[in-house]
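Any read-out appearing in this document is the output of simple, stated calculations on the displayed coordinates, not a laboratory observation. Here the structure is a predicted model, which means the values were calculated and not measured. FYI the Cβ positions are ideal-geometry reconstructions off the backbone, even for glycines, and counts take in every protein chain you see.
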There are 2 protein chains.
Amino acid sequence: MSSDEQKILTKPEPDYIACDKCHLSPLCSPVTVGAHAYDFTGKMVNRRHYFKRGEMIFKQGDKAELIFAISAGSLKLTAHVKDNDRVIDFRIPGELIDVCSLNEGSYAYSAQALEDIYLCEIGKETLNDIASQIPEVQGRLMKVVSQELINIQKSSMLMHGNINSEEKIAAFILNLAWRYKNSGYSYTRFKLSMTRTDIADFLGLSKETVIRLFKKLQNSKLIQIEGKSIRINSVDALQHFVGIKLISS
Amino acid sequence: MSSDEQKILTKPEPDYIACDKCHLSPLCSPVTVGAHAYDFTGKMVNRRHYFKRGEMIFKQGDKAELIFAISAGSLKLTAHVKDNDRVIDFRIPGELIDVCSLNEGSYAYSAQALEDIYLCEIGKETLNDIASQIPEVQGRLMKVVSQELINIQKSSMLMHGNINSEEKIAAFILNLAWRYKNSGYSYTRFKLSMTRTDIADFLGLSKETVIRLFKKLQNSKLIQIEGKSIRINSVDALQHFVGIKLISS
DNA sequence: AGAAACCATTGATAGTCATCAAGAAAAAAG
DNA sequence: CTTTTTTCTTGATGACTATCAATGGTTTCT
């Protein structure tokens, strides 16, 4: 067992993401207007709120009053479709949870902790108020939303179209790697905090197919997988297999 | 033959969308600041630029200098994946073409006219300049981008997850209907301006499957389809089949 | 530590959908 | 209007993947 894994298991201290890597940071750092520096953001941000594994952060349809960013841990997003909950995405440290709710009254989906997690929260109302007064904040908000749009479009392009199940899974791994890289973590070795069933549900496959294709990708030497930990042998080879260059080498 | 169809075929005058239904309208109408009304937007918008059927509006990777909205006609978006172009979406009157390019240097995909079309264009540089000066414009820009984010997330949720090919096609039709409704057109009867092959490519199916499942949906009385024109018999029944309530009745 | 619940894995079978092939229909071009 | 090209449609076949069933492994709870 590596020391990394041991750290996760014994959990002496959560592996918080650095604030400057967090997607929320533009809305969470002091603003300078002329000669004055305003640090009101510190007042409206509640840092590192703890949630237990399995706990619901919010439910689809709940009134959206807070914007969340993950400080440590990961979670899954689910939405009610045809009488059951379907996994529609995952979130890792540094990522925002439901930016869409900024302009909507309620959350578009539910969020559930996949492990013990810490979240930073920011009041939606306060944020909008300040943004309408200070152009600098408005601009930062704009940047956050645009980046979110680019991200979802990238993953949508990755998943859409004529790709078979094996490519879908490879694309899923590549997408996660890209996001871990953006958050400043290792992107060639990371932990899959979700179950095989969650992955299957998310990709529209059966859990058996996910397991078999993980093994197939391992046999073709693209990845190595053991339980929940995954290792990408060659990012370039994986990108070539998927057919999209997401991570520059 | 209905008079509507005749109008399309003989093309006496394109069926322009009303400006107030266009997604670009927030950036295309006068701004009032205090007692003054500025109509600079009129100067920087080039209205109803004509493109011939099959013509490329822009290509993936081109420097993005303009934001487009469709005034009449429709187009398809394609991206280069694995040595060939894949259809990644379509656009109908009232819709914007590549909002992401607002914060990126180049276009993320190519755009090609599916029929003779008219586009409104707005200079990206000018727009950003004005937005940084006038909060009202910044706010409107924000609204446009957020709406885009909500739209893509909705269609992403619609397509993702464990749905079979028949539901995929039904979801595709429903999504188009929703968008035609948003643009103020009939959403129970409209024209599919793209080929079956384009639809297949977009959905990741074969063209034969698309044809057979169109017929299957017709046999179960959900839709009626003849050549390029489609009619939804019951929006509610279709929504129930897909499992998502996109259009409120 | 032991029990219970959940998750991962493997094999066998059946259903769905891609592919190939060939011809009909529609649209575009001359 | 006729030719040419593109698109649409149908049938037959095979590959891929969902489903069912059974078991072993891991984690969680008491």
Measuring from its Cα centre, the protein assembly as shown shows a charge dipole (+1 at each Lys and Arg Cβ, -1 at each Asp and Glu Cβ) which, in debye to the nearest 20, is 1220 debye
The rounded separation in angstrom of the Cα centers of the stretch A:31-60 and the stretch A:66-126 is 14 Å
The farthest towards the positive end of the charge dipole of the stretch B:20-175, of the residues B:Tyr109, B:Tyr38, B:Asn164, given +1 on Cβ of Lys and Arg and -1 on Cβ of Asp and Glu, is B:Asn164
Contact order relative to length for chain B, counting C-alpha pairs under 8 Å separated by 6 or more residues, stands in percent at 18 percent
With the protein assembly as shown reduced to its Cα atoms and the Debye formula applied, log10 I(q)/I(0) at q = 0.06, 0.07, 0.11 1/Å amounts to -0.29, -0.40, -1.03
Distances in nm between the label point of B:Asp62 (7 Å along Cα→Cβ) and its equivalents in the other copies, shortest first, are 4.5
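Give me the net charge of A:Ile97's neighbourhood, meaning all other residues with Cβ under 14 Å from the Cβ of A:Ile97; Lys, Arg count +1, Asp, Glu -1.
Surrounding charge for A:Ile97 is -4.
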When B:Ser165, B:Ser186 are ranked with the fewest other C-beta atoms within 10 Å first, the list becomes B:Ser186, B:Ser165
With one decimal in nm and the nearest listed first, the spacings from A:Asp20 to its own position in the other copies, using label points 7 Å along Cα-to-Cβ, are 5.0
Projected onto their principal axes, the Cα atoms of the stretch B:3-158 stretch, largest extent first, over whole-Å spans of 49, 43, 30
Length-normalised contact order of the stretch B:164-242, Cα under 8 Å, at least 6 apart, in percent, tallies to 35 percent
Among the Cα-Cα pairs of the stretch B:164-242, the proportion with separation greater than 21 Å, in percent, is 18 percent
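With +1 on each Lys and Arg Cβ and -1 on each Asp and Glu Cβ, how big is the dipole of the stretch A:164-242 about its Cα centre, in debye rounded to the nearest 20?
The dipole magnitude comes to about 240 debye.
Counting helices only, and only those DSSP H runs with n ≥ 4, report the 222 nm mean residue ellipticity of chain A as the sum of -39,500 (n - 2.57) divided by its residues, in deg cm²/dmol to the nearest 500.
One gets -12000 deg cm²/dmol as the mean residue ellipticity at 222 nm.
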Kirkwood-based Rg/Rh on the Cα set of the stretch B:98-249 evaluates to 1.03
Inter-copy distances for B:Lys43, label 7 Å out on the Cα-Cβ vector, sorted ascending, nm, one decimal, are 4.0
The distance between the Cα centres of the stretch A:137-158 and the stretch B:185-212, in whole Å, is 29 Å
In debye to the nearest 20, the charge dipole size for the stretch B:3-158, taken about the Cα centre with +1 at each Lys and Arg Cβ and -1 at each Asp and Glu Cβ, equals 100 debye
Charge dipole of the stretch A:164-242 built from unit charges on the beta carbon (Lys, Arg +1; Asp, Glu -1), centred at mean Cα; most positive-end Cα among A:Gly227, A:Phe202, A:Leu213 is A:Gly227
Helix B:135-159: inclination vs chain B longest Cα principal axis, degrees, rounded to 10, gives 10 degrees
